[in-house]
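> Structure incoming, see below.
The values are calculated or read from the model by the stated rules, or taken from the named source; none is laboratory data. Predicted model, so just to flag it, every value in this text is computed and none were measured. Note that each Cβ is placed from the backbone with ideal geometry, even for glycine, and that neighbours are counted across all protein chains shown.
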Amino acid sequence: PCFLKDWELHVHFKIHGAGKKNLHGDGLALWYTQERLVPGPVFGSKDNFHGLAIFLDTYPNDEATERVFPYISAMVNNGSLTYDHSKDGRWTELAGCTADFRNQNHDTFLAIRYSRGRLTVMTDVEDKNEWKNCIDLAGVQLPTGYFFGASAGTGDLSDNHDIISMKLFQLMVEHPLEDEAVDWTKIEPSVSLLKSPKDNVDDPTGNFRSGPLTGWKVFLLLLCALLGIIVCAVVGAVVFQKRQERNKRFY
């Protein structure tokens, strides 16, 4: 198990196969979980896990999605959430990005960094020898004492999922004094979000945009616009009055 509070994992991987135009699948998953790897339906591992999962999904199961694949997404679970494979995990996804990592003729890498409650996922899949940001999420709580792992899954289609290396680095980060009293092994995996992932709607780039405006949102926008107009009018009146007083002094 890993007892580091701040860490960074570098994964050298390769996903490849002869299948063309979505005739391949399903993808690779990287785990930081309470349980050692247990076979199951989520990219070869168990569902309702405790911890963090990073999915490298190569096949769109949801035909209605506008998301561009291959797609990388993050999920944090305290054992209560179920991964919906038919929707490509969209309801429990925290954040994600499109990354063209399949069938590349060069090395492909992924970095997962966790430090002071911030989760960052970066890719190096374009043969540029530089990290490209994919996920940057604050408010993530992960305990120590969990296990790193990797798994892959196939269905009616197949692909090759190779893990070439996994390297873990300790990050030297200062923590507040109050953190010394925390038992990091007892922390419940969680994420502090302003909104639920279920409120997210796909856009063609694979990112999220907000859902349609509701009546309350329209009302608040109109109210803010009205207040802005009133403030501008008051400021304009004050400026005009001061100019009038200044002009009177010259008569």
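Let's see how each residue does on (1) loosely packed, with under 10 Cβ neighbours inside 10 Å; (2) on the phi < 0 side of the Ramachandran plot; (3) modelled with pLDDT of 80 or more; (4) touching a Cys at 6+ places or on another chain (Cβ under 7 Å):
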| residue | (1), (2), (3), (4) |
| --- | --- |
| Met166 | no, yes, yes, no |
| Phe169 | no, yes, yes, no |
| Glu174 | yes, yes, yes, no |
| Ser196 | yes, yes, no, no |
| Pro212 | yes, yes, no, no |
| Gly215 | yes, yes, no, no |
| Leu222 | no, yes, no, no |
| Gly236 | no, yes, no, no |
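> Mind checking which residues of segment 5-41 are assigned to a loop (DSSP other than H, G, I, E, B), small (Gly, Ala, Ser) and touching a residue at least 24 places away in the same chain (Cβ under 8 Å)? If you could, list the steps in order and put the result at the bottom.
First, pick out the residues of segment 5-41 that are assigned to a loop (DSSP other than H, G, I, E, B): 5-6, 17-26, 34-38.
When the remaining residues are screened for being small (Gly, Ala, Ser), the result is 17-19, 25.
Gly17, Gly19, Gly25 - these are the residues of segment 5-41 that are assigned to a loop (DSSP other than H, G, I, E, B), small (Gly, Ala, Ser) and touching a residue at least 24 places away in the same chain (Cβ under 8 Å).
> Assuming Arg36 fulfils every condition listed in (1) over 20 Å from the mean Cα position of the chain (by Cα); (2) at pLDDT 90 or above; (3) on the phi > 0 side of the Ramachandran plot apart from one, which condition is it?
(3)
> Any idea how many residues of segment 42-58 are assigned to a loop (DSSP other than H, G, I, E, B) and surrounded by fewer than 22 Cβ atoms within 10 Å (Cβ to Cβ)? Before you say what the answer is, go through the steps one by one.
Step one: filter segment 42-58 for residues assigned to a loop (DSSP other than H, G, I, E, B), giving 43-44, 46-49, 58.
Those still in the list that are surrounded by fewer than 22 Cβ atoms within 10 Å (Cβ to Cβ) too: 44, 46-48.
So the answer is 4.
> Got a sec? Which strands (runs of 3 or more DSSP E) wholly within segment 93-143 have at least 1 residues that are of a type in the set (Ser, Thr, Tyr) and modelled with pLDDT of 95 or more?
95-98, 108-115, 118-124
> I need the full set of residues from segment 78-108 which are in contact with a Gly (Cβ under 7 Å, 6 or more places away or on another chain) and farther than 25 Å from Trp131 by Cβ, in order please.
Answer for segment 78-108, where residues must be in contact with a Gly (Cβ under 7 Å, 6 or more places away or on another chain) and farther than 25 Å from Trp131 by Cβ: just Tyr83.
> While we're looking at this one, here's another question. For Asp159, only one of the following conditions fails: (1) crowded, with 18+ Cβ neighbours inside 10 Å; (2) within 19 Å of Ala53 (Cα to Cα); (3) in contact with a Ser or Thr (Cβ under 7 Å, 6 or more places away or on another chain). What is its number?
All conditions are met except number (2).
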